[in-house]
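The values are calculated or read from the model by the stated rules, or taken from the named source; none is laboratory data. This one's a predicted model, so the numbers in the text were calculated from it and none came from an experiment. Here Cβ is always computed from backbone atoms with ideal geometry, including for glycine, and neighbour counts include all displayed protein chains. Accessible surface areas use protein heavy atoms only, side chains included; no ligands, DNA or RNA. Shrake-Rupley method; radii C 1.70, N 1.55, O 1.52, S 1.80 Å.
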Amino acid sequence: MDMQAIASKNGNFNLKDYEGTRETFRWEDVNKHFTWNDTGKVNMAYEALDRHAEDSKTKDKIALIYSAPEREAKKTFSELSKESNKFANVLKKYGIEKGDRVFLFMPRSPEFYAAFFGILKIGAVAGPLFEAFMEQAVRDRLQDSEAKVLITTKELIARVPQEELPHLEKVIIVGEVPDDQGNYIDYKEEVDGASDQFDMVWVDLEDGMLLHYTSGSTGKPKGVYHVHNAMIQHYATGEWVLDLKEDDVYWCTADPGWVTGTSYGIFAPWLHGVTNVIRGGRFTPDDWYHTLEKYQVSVWYTAPTALRMLVSHGEEKLRSYDLTALRHLMSVGEPLNPEVITWGLAAFNLRIHDTWWMTETGAQLIVNLPALEIRPGSMGKPIPGIEAAIVDNEGNELPPNQMGNLAIKEGWPAMMRQIWNNPSKYESYFINGWYVSGDSAYRDEDGYFWFQGRLDDVINTSGERVGPFEVESKLIEHPAVAEAGVIGKPHPERGEIIKAFITLNDKYTETPELLEEIRVFVKTGLSAHAAPREIEVKDSIPKTRSGKIMRRLLKSWELGLPTGDTSTLEE
Ligand code: 6R9
């Protein structure tokens, strides 16, 4: 689509001199904001929380506004700091040490954030899981990470197969403790009895902080490992991209089970000491507008799926709310449709700033900076300190307007440092000094990047990355399913939906009830967002001679596209 560029914002915005800043910028310059200049050691929990709790100007400032249908709570920096100290003391009492993995499997709540910082304060590695995960998804992640402690709730504990998790030493329950004879620790009881003073465990920049599991096109989900050093980039992008100012009320809609919900739902806003809105529960357009209005949100970070839903509900709905506090909008996770940007201009009278990055990259890399003009449909330009390019499969740079692999020169502050337990997988991301993203894109003559699609089979449904292999594996666990091939099918609101092609075992015949049963089987076994919305029964699933499912071919059939090279197709 050819659409007119949207002029840059005037006023207070950062990085007006984009090219100039790129030339002179050094990541080391950001360091001066942090404590390690004096001590040589760091802790994200100090920079994002305790620093503000120690400062008389900010200690009583609201850090967190928690809002859910059944509960509202506000915590100051001082309160959140003390509660996380208490929780760190609880972990200490149970022998948790630097480097241990401590997982969180619970809905967003004030306790989640206190526990999260408690984990960092003791130098342990936090592993947040989506509350939507079912047993297998939970098992895979806790087994692979060899987590020692899990923090969860009565509602979710049934999905934790404790007997299959030999490394799991302690289960801490937030809220009502189940009376099923389990060996549980009561969060409230322990925290109430713990001291609110804790000696922070100071760590090195390269020490582990966070494990986020994410899906690739093959194999089980992989543990993307991030270190404290990421704070440099969280801080910088909080200023340049989120444009955070002292008095802002900021809201990021992402769940902390997703990297956006940690990097930009926890770290960036609190490194800048701004008030952070955390909204639990399910979302509807009224709910979104209501939250924006009620808390006078000024900076909002959300996803194309959410924005498309707002578009489909019309501008009329928006007009019944007072959204005058809103001044800056951003989007991440999927391509941002130019139509949505146009709608945003009319409806909010604001530009929507697309941002591109990944779980593996840890922080934003290619963005629409406030000071740059927006070309609708483009992800924008690399932030200072980041070199991005389009490369061929050997890692050679391609000229403008040529499609290829979107790649980043390796070595930025928030880059993952490992794939947990899988060094060869980690190595496979890098070619010739470039981190190769798996996305295809091109760069225009003016340096704007344009997303074209995924190069692998990873599905992006409502902004969630789903690996087809995981869904296929679950499908064939159902007694009726012989083989399965899973693809992403374009969908106007959700980006893609999951479509499964299956073959049935001999004794079974296709009925709507059976297909529904299979869908529910994936939903309850894996997670709701991984359940196929469409299931089609086939006589056979196309495979290569080496037995790999040809998802590309399934997709071409589905979309009525030419099937391309099928020379490796098995008879
Ligand atoms: C932060 C996050 C990463 C994949 C990425 C790409 C897609 C993310 C995008 C985008 C088009 C954008 N993606 N941002 N596609 N435009 N602005 O989303 O991490 O869940 O790991 O997903 O999402 O395909 O490779 P993650």
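Restricting the stretch 422-468 to residues that are within 15 Å of the ligand (Cβ to nearest atom) and aliphatic (A, V, I, L, M), the residue that is most open to solvent (accessible area, probe 1.4 Å) is 455. Inside the stretch 241-262, residues that are within 16 Å of the ligand (Cβ to nearest atom) and of a type in the set (A, V, I, L, M, F, W, C) make up a count of 6. Within the stretch 534-559, the set of residues being farther than 13 Å from residue 485 by Cβ and in contact (Cβ under 8 Å) with a residue 40 or more places away in the chain comprises just one member, 559. Selection of first residues in the stretch 453-472 that are closer than 12 Å to residue 214 by Cβ and of second residues that are at pLDDT 85 or above and away from the ligand (no atom under 11 Å from the Cβ), restricted to Cβ pairs under 6 Å at least 6 apart or on distinct chains, gives the following pairs, ordered by first then second residue: 464/529; 466/530.
So that you can scan it fast, the table gives a plain yes or no per residue for (1) open to solvent by 10 Å² or more (accessible area, probe 1.4 Å); (2) modelled with pLDDT of 95 or more:
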position: 256; (1), (2): no, yes
position: 265; (1), (2): no, yes
position: 270; (1), (2): no, yes
position: 280; (1), (2): no, no
position: 289; (1), (2): no, yes
position: 293; (1), (2): yes, yes
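Among residues of the stretch 350-373 being touching a Pro at 6+ places or on another chain (Cβ under 9 Å) and part of a loop (DSSP other than H, G, I, E, B), the one that is farthest from the ligand (Cβ to nearest atom) is 351. Would you confirm, using the coordinates I've provided, whether residue 168 is free of Cβ contacts under 8 Å to residues at least 40 places away in the same chain, within 30 Å of residue 41 (Cα to Cα) and either among the aliphatic types (A, V, I, L, M) or open to solvent by 30 Å² or more (accessible area, probe 1.4 Å) (or both)? It is true that residue 168 is free of Cβ contacts under 8 Å to residues at least 40 places away in the same chain, within 30 Å of residue 41 (Cα to Cα) and either among the aliphatic types (A, V, I, L, M) or open to solvent by 30 Å² or more (accessible area, probe 1.4 Å) (or both).
Of all residues in the stretch 119-134, those being modelled with pLDDT under 95 and assigned to a strand (DSSP E or B) number 1. Look at (1) in a loop (DSSP other than H, G, I, E, B); (2) within 15 Å of the ligand (Cβ to nearest atom) and you find that residue 384 fails only one, number (2).
A Cβ distance below 6 Å, combined with a sequence gap of six or more or placement on separate chains, defines the contacts here; from the stretch 350-365, residues that are among the β-branched types (Val, Ile, Thr) reach residues that are more than 7 Å from the ligand (Cβ to nearest atom) and part of a loop (DSSP other than H, G, I, E, B) in the pairs 355/364. Just for the stretch 136-158: of the residues that are surrounded by 14 or more Cβ atoms within 10 Å (Cβ to Cβ) and more than 24 Å from residue 421 (Cα to Cα), which one is farthest from the chain's Cα centre (by Cα)? The qualifying residue farthest from the chain's Cα centre (by Cα) is 154. Checking 362, 377 one by one, the residue that is within 22 Å of residue 465 (Cα to Cα) and surrounded by 24 or more Cβ atoms within 10 Å (Cβ to Cβ) is 362 and no other.
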